[in-house]
Structure formats: C-alpha cells, structure tokens
Amino acid sequence: MTVLAYLIPISLMLGGIGLGAFIWSLNSDQYDDPEGNARRILRPDYDDHPKP
Amino acid sequence: MTETLSAAVPAPATTPASACPACLAVPAAEDLARRAAPGEARLMLSLPTAHCAACMSTVERGLAKLPGVHDARVNLTLKRVAVAAEPWVTAEGLIAALDRLGYEAHELDPGSLTPTRADRAGRELLMRLGVAGFAMMNVMLLSVAVWSGAEGPTRILFEWISAAIALPTVIFAGQPFFRNAATALKAGRLGMDVPISLAILLATGLSLYETAEGGGHTYFDAAVALTFFLLAGRYLDYRTRAVARSAAAELAALEVPRALRMEGGAEVAVAIADLRPGDLVRVRPGARMPVDGVVVEGTSELDRSLLTGESLPVWTGPEAVVSAGEVNLTGPLTVRVTAAGQDSSLHRMADLVAVAESAKNRYTSLADRAAGIYAPGVHLLAFASFLGWLWRTGGDVHLALNIGVAVLIITCPCALGLAVPAVVTAASGRLFRKGLLIKDGTALERLAEVDTVVFDKTGTLTLGAPEPVRLDARAPEDLALAAALAAASAHPLARALATGAAAAGVAPAAVEDLREVPGYGVEGRYRGRVVRLGRAEWVGAAPLAATATYLDRGTGAAVGFPFTDHLRPGAAAAVAALRAQGMAVRLISGDAEAAVAELAGRLGIADWTAGALPEEKAAEVARLAAEGRRVLMVGDGLNDTAALAAAYVSVSPASALDAARVASDIVLLGQDMAPVAEAARVARRARRRIRENFAVSALYNAVAVPLAVLGLATPLIAALAMSASSITVSLNALRLR
C-alpha cells in the first residue's frame, strides 16, 4: 500500500491545480460572455498572428 | 470621473445630488474611470441585432478603424459593445459608424451598467461552488475506498485526509447558509437555511469526533456534497435574477438622464437631477419632456399617451403647461422648469408605485411555503429520533446523536433547494428566448394562478402608431397631394400617411415651397394654389370624431383623413389564446370611447371601459382582486403604473415608460404581444414541475427517513439518496419544454 503515499498527494495536487485554474479564470473575467467566447473561438481572425 | 463623463456628454461633469437613478451612477462611474487607462474614455453601446461570430468581427474591426478608438469588444451574451477611446470620441459618432455597417446601436449610460455589488456576490457564489465541487470530488474518492472495505490504518488515514479537505471547505463554502441562518434566527424564524446549516455543521462536527475516536460512521462526503448541491441551487437562483436585472438595467440605461439647458443662448447638456425651477430647457422634436414646466417659446404637438392613454396628439404653445414624460412631436420648444426631479409629476407617480409595491411583497412563494413545513418537521423528527434512541439504549448519547445527525442529513434539503431554482431557471431561459424578461422570482408562480387579464389600449394592444383608414377609397389626386405634403413632416400622422400612400402605390404630387408650421401642419404651393395638411381649425375643416389630419386642396372644402391605431403584432393572437386558456379578458383605456370601442370590436373583447383615469384603473384592478380574481395587468403608460403595481402580476412592453417597467414583474422585449399567452402556459407547466419536484424529494425522504430513524442508515445510503434526488429533480426541471 506504499503506492498510496505517492498517489494521494499527486491526486490532491492535480485537483488543487484545477481549482487554482478555476479561481484564476474566474478572477480574470472569463465567464462574462460565454456565448461570445463560444463563437469567437471559431472565427479565423487571429489564426495567423495574435491580436496586436 | 470627469474624463469618463465628458466623453459621453460634451459638457461639464455632472454631480447629481438627489435620490434618483443618476446618483447610483456616481460610485459606479468612478469605478469605471479607475479601471480605464488615464486619458481614455469608456463608452458602452447596446447592439440589439448582434447575433453571430461575423457580427462580432464586423463591429469590432469597424469600430477599431475609427479615429480615436483604441479598442472595441463585443459581449454577445449581453449584446453590448464596450469601446475604449480618446476622451473626445462621442457615442453619436460610434452609433453613426455602426449604422453604416448595418447595426442598430443605442447609447447606454455606463454609470448604471458597471459591475455592482450583486455581480460580486455572484462571483463569490461561483467561487464557493467551485471549491465545494473540488472538495466533493476528492472526499468522494476517498469515501469510495472506505465504503468498498478499506480497514485499519488505511481507513483512518483516509478519514483524516477527508477531514483535512472537508473542514476548510465547509467553513469557506458554507458561509452563505450560515449567514442567512444567523439572520433568520435573529429574526426568530426558521428558514431553509437553519436546517441546512445545522445539518452541515453537525455532520462535520460529529464526523470529526468519530475520526478522532478512530472509527464509526463519518459523513464528510455528505457534508460537502450537501454544500455543493445547495450552492448550485443558490447559484441558479442568482443567475436567473442577474440576467433579468442586467436586462432591466439596460432598459433603464437606454434613457440617459440628460436635458438641454439654455445658458446664455447656448444649449448645454446637463443631468436632469441638476435642473432647478426657473431654468430654461430646450426640448427637441422627438424628445421626452424631462421636467414639468411652462412653454416659453415655440409651438408643437405633444404625445401624452404614456401619461394619459390618449392616442391623439395635443397642441401646445407659449403659456401651455407640460408634464414630464410627454413626447414633443413637431417643433422645438423652450420650457421654463416649474418642478424637476423629486417634485415632478413623473416622480409623484413613481411614489404611488412604491406604495403599491410594498403591498405586493406579501406573496409567499411555493419554496417558502415548503420550507415553512419542512424546517420544523425535520428538526422535530431528528430530535425525536435522538430522544427515542437515548431512551431505548438507556443513555447512549453517542449512538443517539449519531442517528439524529443521520436523520438530519438524509432528509436531504438539497432536492428542495434545487427544486424551485432549477425549474425557474429553465422556464425563464425559455421565455427569455421568446422575448419575455421575468424580473421577479415569484412572477412565474403568480402568473400560473391568473384567471383575468386586463389590457391597456394605447401602446399595449396598439403600438401607439396611427394607420390611415381606407386610403384606396380616396381620389388619387387628393392622395398624391397629401402624400407630398406629408413627406415634409416628421409628425406621426404625416409619416403614417406618407407610408400608407407609398404602400398604395401613389406617387407624390409636385408641391413646391413646402414648409412646416410647428404645431399646425405643412403648407406648400401646388399649381399656384396654397395647399395645407394639418389641424382642422388651421385648414378650416369640420373636425371628424376620430383621430384625423385634414387636407386643404386650395379649392373646394377641406377633406379629412381619419386614422386608426396600428394593432401591435400578435395582439389578436394573444387575446384569442388567453381566452382559449379560459381567462376573462378586459380592456381598460384612458382613451376616448370611439377609439376604444373600435379596437375592442376588432379583437372581440366584449368587456371594455373607456376614459378611465389612472386611479380608476387601479381601483378597477383592486375591485377585481376583491372579487377573488387573480388579475394579470398588461400596460405601458404612466397612467397604468398604479394598476400594474396593484395587479396580482403585471407585464409591460419594453417601449413603456421607466416607471411602468419598474412596476411590472415581466417585461416584453420584442414588439410581438403573442408571448404573453405563451408565458401563461409555460408558467402553469413550471408550477406543475415544481410540485413534481417536491413530490420527488418527498418520495426519497419517505424511503430514506425510516431507515435513518431506525438507525440503519450508513454514509453510503445518505450519499446515494442525496445525489439521486438532486439529479432527478434537475433532470425533471430540464423536461420543461
């Protein structure tokens, strides 16, 4: 059962990274326009170069 | 703040002082200015027609190309575009540019649209939901190991890890419930939040004790799952209200509260709140009177339909008294302010609404009624189990407490907490797509109980836009002459006549020297004769009974062109559908008898009243309510506001005056009236779903509670019952079609 000593911290850390990412996305206004974002990803405008 | 406002208003910065929408804008506008880079203005425009990815690209690129514009970003969810630009860029310029691109745009008052305290509350709720979700998944994972038979030190280790995750989660994510429960207890009530808080806290506390003692049942997963499901319900509830609030705020923001004050011969835009009695205000044609006052200069006609329901424009000139809310139609007017802000007739009406609203809040929602039965029931049951086991085991406090807590957890308020918000979210989302905005959380439930519908006429069943009667029966030369004269004016009757003539395929006659006489009509020269189109007394005609404009052909007697009010699209269908649903339909209007009788005949409404004063409308609604009827009031004008607030539930079109929209529970966003009948149908279905959801959670409880009381419940049964009932309830809500 020593494998648990590795696996539990790893699973908690991965979950924590997910939670951190969620908090970061929430604080940087990424849920303000869900409909617009869904369509924005499909348009070819900045495919070749990033938005200046 | 100065930079922000001066971009939108080419005028000194405004500092509104009284209690009004504009004052709320001040801190918000400061917030906006803080977020904008120095020397940059932020403008907000409403884009009602934007709907696709191509729209976003076109608008963003088109605006970015304009001089002075730094950045433009479309928000498709809210149908708005936020523009960051040089301080000198005005909203008018951007609107014109968007118009060239083919998009309708309106300026929004950025002050009333910036993130409010409520938005931060929503974000906070989402954060707690995320944390609870993360904790639930991890604790669940560890619990599955325990349930499937982990023993000895492994089990103890897993329980300690669960405790380490669950404890901070419950303390952080459960706060909304603890706060509400504390408030409820302080007020001496038992809401839903008291049993919820008790269940969460006792489950965590007892599990912690069990873990420290090294064995027994731990309920960490139940405590965290309970928090998660209930937060999901809270968040859904918040979302529904937030969508309604942001759309309602947008409607309010469309009316930028400004007036043109005359200062030494120049027009300066100032906030309405800054106007003082004695100031001179310029009101352009097409604009709404910002204040009560007396006309000093200019003649024009006023549309009073929003205040009184009259469909006929009223002539006005020097010394005439005007009221806030009237619309100036033809000529520019200079008005001396007699009352502004708090003292104006508009504001007095709004106060009337506030009084009526306070009477309305007494409605108890289905959820509150369910909680009223549920909360004491659960507490009694848990306490009884505790006492029962204490007696049976002869004083084993530990076991008795364990069973009492299991009862508290298993009675599962999560299904109850989700039962209403999930259905209301599904129903409001569906109605929003049809163009109906549900402003009040209990509006759907109240709408489901309606049995009588009262309509206003002007602006509600009709568009308040006139339509010429039987143009095809006219002599073509009269029509050609009238069309030519009408084309020279912006008066609603003239515009309707010109459109009607064009639709009938009549080419305008060659009339020369066209000139509009504000407040009277249009004059021109045709084959050497002076021809006129306008008011009866001005052209020398005998007035007709109906709304009409009159044509003096230069020879012979003047002829009248009668008008009827243009029916709102879907009005006939809505009336028919409501009647098919078994509702009594009534028409109460402030307009003249002939016009009301004609419309009632067209729609087949037998029960109508004409010439009703605002108080009479409200009294009639109150009388119907006293008869035990549940009245749905549909109206748009200031004269309807008191009746809207007095009704059981109320609907107003988006074109309605601010006060009327505030007083009503549901706002009709499009022109079409047909969704009103649809809303009544959806509301009844939603109520049925809510009741089914209550039945589902009752059924789960009926199965699980005896197990808990008998001491047979395990953490696994608690977790299964809780998750299964929450998911069933959510799925049932999604069935709403």
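The values are calculated or read from the model by the stated rules, or taken from the named source; none is laboratory data. Since the structure is predicted, the reported quantities are computational estimates derived from the model, not experimental observations. Cβ coordinates were reconstructed from backbone atoms using ideal geometry, including for glycine residues, and neighbour counts include every protein chain displayed.
Just one of B:34, B:73, B:61, B:42 is basic (Lys, Arg), part of a helix (DSSP H, G or I) and either in contact with a Phe, Trp or Tyr (Cβ under 8 Å, 6 or more places away or on another chain) or at pLDDT 50 or above (or both); which is it? Spell out how you get there, then give the answer.
On the way: B:34 fails: either in contact with a Phe, Trp or Tyr (Cβ under 8 Å, 6 or more places away or on another chain) or at pLDDT 50 or above (or both); B:73 fails: part of a helix (DSSP H, G or I); B:42 fails: part of a helix (DSSP H, G or I).
Result: B:61 is the single residue among B:34, B:73, B:61, B:42 that is basic (Lys, Arg), part of a helix (DSSP H, G or I) and either in contact with a Phe, Trp or Tyr (Cβ under 8 Å, 6 or more places away or on another chain) or at pLDDT 50 or above (or both).
Each row is one residue, and each column tells you yes or no for (1) in contact with a helix residue (DSSP H, G or I) (Cβ under 6 Å, 6 or more places away or on another chain); (2) touching a residue at least 24 places away in the same chain (Cβ under 8 Å); (3) more than 30 Å from residue B:599 (Cα to Cα).
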{"residue": "B:278", "(1), (2), (3)": "no, yes, yes"}
{"residue": "B:281", "(1), (2), (3)": "no, yes, yes"}
{"residue": "B:293", "(1), (2), (3)": "no, yes, yes"}
{"residue": "B:298", "(1), (2), (3)": "no, yes, yes"}
{"residue": "B:316", "(1), (2), (3)": "no, yes, no"}
{"residue": "B:323", "(1), (2), (3)": "yes, yes, no"}
{"residue": "B:329", "(1), (2), (3)": "no, yes, no"}
{"residue": "B:338", "(1), (2), (3)": "no, yes, yes"}
Practice problem: Restrict the check to region B:459-470 and report whether at least one residue is assigned to a helix (DSSP H, G or I), more than 28 Å from the chain's Cα centre (by Cα) and of a type in the set (Asp, Glu). | Solution: no
Quiz item: Of the residues in region B:75-87, how many are within 13 Å of another protein chain (Cβ to nearest Cβ) and either surrounded by fewer than 17 Cβ atoms within 10 Å (Cβ to Cβ) or in contact with a Cys (Cβ under 7 Å, 6 or more places away or on another chain) (or both)?
Solution: 1
Quiz item: Condition test on residue B:173, is it at pLDDT 85 or above and within 14 Å of another protein chain (Cβ to nearest Cβ)?
Solution: yes
Quiz item: Restricting the first residue to region B:379-391 and requiring it to be in contact (Cβ under 8 Å) with a residue 60 or more places away in the chain, which pairs with a second residue that is of a type outside the set (Ser, Thr, Tyr) and not in a helix (DSSP H, G or I) meet a Cβ separation below 7 Å and a spacing of at least six or different chains?
Solution: B:389/B:711
Self-check item: Complete set of residues in region A:3-46 that are of a type in the set (Phe, Trp, Tyr), at the interface with chain B (Cβ under 10 Å from one of its Cβ atoms) and assigned to a helix (DSSP H, G or I)
Solution: A:22
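Return yes or no: is residue A:7 of a type outside the set (Gly, Ala, Ser), within 16 Å of residue B:132 (Cα to Cα) and without any contact (Cβ under 8 Å) to a residue 60 or more places away in the chain? It would help to see each step written out before you state the result.
Numbers: of a type outside the set (Gly, Ala, Ser): yes; within 16 Å of residue B:132 (Cα to Cα): no; without any contact (Cβ under 8 Å) to a residue 60 or more places away in the chain: yes.
So residue A:7 fails the test.
Residues checked against (1) closer than 20 Å to residue B:571 by Cα; (2) surrounded by 20 or more Cβ atoms within 10 Å (Cβ to Cβ):
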| residue | (1), (2) |
| --- | --- |
| B:600 | yes, yes |
| B:604 | yes, no |
| B:607 | yes, no |
| B:610 | yes, no |
| B:613 | no, no |
| B:621 | no, yes |
| B:625 | no, no |
| B:633 | yes, yes |
Self-check item: Failed condition for residue B:132, given (1) surrounded by 21 or more Cβ atoms within 10 Å (Cβ to Cβ); (2) at pLDDT below 90
Solution: (2)
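Can you tell me how many residues in region B:597-619 are in a loop (DSSP other than H, G, I, E, B) and of a type in the set (A, V, I, L, M)?
Residues that pass the stated criteria total 5.
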Practice problem: Kindly indicate which of B:246, B:197, B:207 is under 33 Å from the mean Cα position of the chain (by Cα) and modelled with pLDDT of 85 or more. | Solution: B:197
Exercise. Report yes if residue B:56 is crowded, with 18+ Cβ neighbours inside 10 Å and either in a loop (DSSP other than H, G, I, E, B) or within 11 Å of chain A (Cβ to nearest Cβ) (or both), otherwise no.
Key: yes
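Among residues belonging to region B:193-227 that are of a type outside the set (Ser, Thr, Tyr) and not in a helix (DSSP H, G or I), point out the one that is farthest from residue B:383 (Cα to Cα).
So the residue we want is B:214.
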Practice problem: Answer yes or no: is there a residue in region A:1-10 that is on the phi < 0 side of the Ramachandran plot, surrounded by 10 or more Cβ atoms within 10 Å (Cβ to Cβ) and hydroxyl-bearing (Ser, Thr, Tyr). | Solution: no
Quiz item: So which residues in region B:117-151 are assigned to a helix (DSSP H, G or I), within 10 Å of chain A (Cβ to nearest Cβ) and closer than 19 Å to residue B:715 by Cα?
Solution: B:133, B:135, B:137, B:138, B:141, B:142, B:145
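Of the residues A:42, A:19, A:12, only one is touching a Gly at 6+ places or on another chain (Cβ under 7 Å) and either under 29 Å from residue B:61 (Cα atoms) or modelled with pLDDT of 85 or more (or both); which? So that I can check it myself, show each step before the final result.
Working: A:42 fails: touching a Gly at 6+ places or on another chain (Cβ under 7 Å); A:12 fails: touching a Gly at 6+ places or on another chain (Cβ under 7 Å).
Sole residue among the options that is touching a Gly at 6+ places or on another chain (Cβ under 7 Å) and either under 29 Å from residue B:61 (Cα atoms) or modelled with pLDDT of 85 or more (or both): A:19.
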Quiz item: residue A:49 is checked against (1) more than 7 Å from chain B (Cβ to nearest Cβ); (2) under 21 Å from residue B:125 (Cβ atoms) and fails just one. What number does that condition carry?
Solution: (2)
Practice problem: Inspect all residues belonging to region A:35-49 and state whether any of them is farther than 30 Å from residue B:79 by Cβ and either loosely packed, with under 11 Cβ neighbours inside 10 Å or touching a residue at least 24 places away in the same chain (Cβ under 8 Å) (or both). | Solution: no
